[in-house]
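First the structure, in the form of structure tokens, and then the observations on it.
The values are calculated or read from the model by the stated rules, or taken from the named source; none is laboratory data. Quick caveat, the model's predicted, so the values are computed rather than measured. Here Cβ is always computed from backbone atoms with ideal geometry, including for glycine, and neighbour counts include all displayed protein chains. Each accessible area value is taken on the protein alone, full model and side chains, heavy atoms only, with ligands, DNA and RNA left out. Shrake-Rupley method; radii C 1.70, N 1.55, O 1.52, S 1.80 Å.
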Amino acid sequence: MKKKFIKVISLTVVLAIILVGAVVQISAADTSTMSLDNASGYAGDNVKITLTCSNNPGINGWAVYISYDSSALELVSVDDDSTFGAITTRYGNPIRVQWYGLDDVTVNGKMAGILFKIKDNATPGDYPITVTYDKDEVVNQKEQNVEFAVNNGIVTVKENKVDNHDLKKVDAQKATCTKEGNIEYYVCDGCGKWFSDATGTFEIADHNSVIIKKTAHTPSEWIEDKAATETDKGSQHKECTVCGEVLETKEIPVIEPTKPTGDDSTDPSGDEDTKPTAKPTTQGPTKVSTDNNNATLPNGKTPSAVSGTVKTGQNVIVFTILGVMLLSVVSVYVIGSLKKRKRNN
Ligand SMILES: [Zn+2]
Ligand SMILES: [Zn+2]
């Protein structure tokens, strides 16, 4: 008997538990709820948390407060792409978001989207985002408080993994005199970091360090752009033989008029400018032919005196020959006259 009684009791208790569970479940499904979802990212990423509501019994206005951990997260913006229509936001921590309508609105879904930036120095881990409200600020048209259950959210800051990089190779490029070059390196599509190796082990912190400076230009010889004349200066330049850039420019000085050189055939200016060289050539032979008698001393000296001013070798030879001829003539004359005297005596 006792055993049977215990069996009945047990069965009743089990049935009761099942029944209560079902009721609780049904009521949970019917509960008006505001929920924040979860998001995750790496330090430096932006993540969005969305506030939604379900089983809305009809409300005329709501205002909520959303709190976050300022040590890891930074508020970027709150979007008003809400199923309720335009919302107003007061930035801060907590963030205050509110909406007021005219009728009891029974829509469900997105109330607000909150964009956070995970701080660059955020420690990996879970950071709760909580939503709270003042009962007097969630009301229906009859000014009655409407209660909502709340589900908080979490932002998970993920641990950076070295082997997670998605590396793209950047080919090396030679520098020229017009363009900088670069050494070969790798860039991670995920985190944007640069590495010197394909496995992402050695990070390049200083992005300028991959740059190869431009090479020097290769200068040409002087290239004449405009020839100089006796009145105008000319110009010339040096340019790069690779890229053609003008590297240096310089004037070419005016050409000085050419000075007479003593050459008769090229001297148009006549006797006045003529150097003494021209005179003896005409005077020498004249004296020989006209002053035969007392030419002994002066004529003997003339050739040597003249040769001192003579500039060209040709003239020296001419005067030497003339001198020798003169001396011979004089000698013949003197010897002749001496013989005559001897005969006459
Ligand atoms: Zn990466
Ligand atoms: Zn160049």
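So the values come out like this:
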quantity: Residues of segment 142-168 satisfying the condition of being of a type in the set (D, E, K, R) and out of contact with any Asp or Glu (no Cβ under 7 Å at 6 or more places or on another chain); calculated: K142, E143, E147, K158, E159, K161, D163
quantity: Exclusive hit being in the same structural domain as S82 (by TED's automatic domain parsing) and more than 25 Å from Y68 (Cα to Cα), set V138, V131, V107, V150; calculated: V107
quantity: All strands (runs of 3 or more DSSP E) inside segment 108-155 with 3 or more residues being among the acidic types (D, E) and touching a helix residue (DSSP H, G or I) at 6+ places or on another chain (Cβ under 8 Å); calculated: none
quantity: Unique residue being within 16 Å of ligand 1 (Cβ to nearest atom) and either more than 30 Å from C243 (Cα to Cα) or more than 36 Å from the chain's Cα centre (by Cα) (or both) when the list is L167, L115; calculated: L167
quantity: Filter result for D136 (under 20 Å from the mean Cα position of the chain (by Cα) and either at pLDDT below 95 or open to solvent by 80 Å² or more (accessible area, probe 1.4 Å) (or both)); calculated: no
quantity: Y186 being in contact (Cβ under 8 Å) with a residue 12 or more places away in the chain, surrounded by 15 or more Cβ atoms within 10 Å (Cβ to Cβ), within 16 Å of ligand 1 (Cβ to nearest atom) and part of a strand (DSSP E or B); calculated: yes
quantity: Candidate set from segment 170-209 (those that are among the aliphatic types (A, V, I, L, M) and within 21 Å of the chain's Cα centre (by Cα)); member that is nearest to ligand 2 (Cβ to nearest atom); calculated: A175
quantity: Looking only at segment 210-224, and only at residues there that are open to solvent by 40 Å² or more (accessible area, probe 1.4 Å) and of a type in the set (A, V, I, L, M, F, W, C), the one that is nearest to the chain's Cα centre (by Cα); calculated: I211
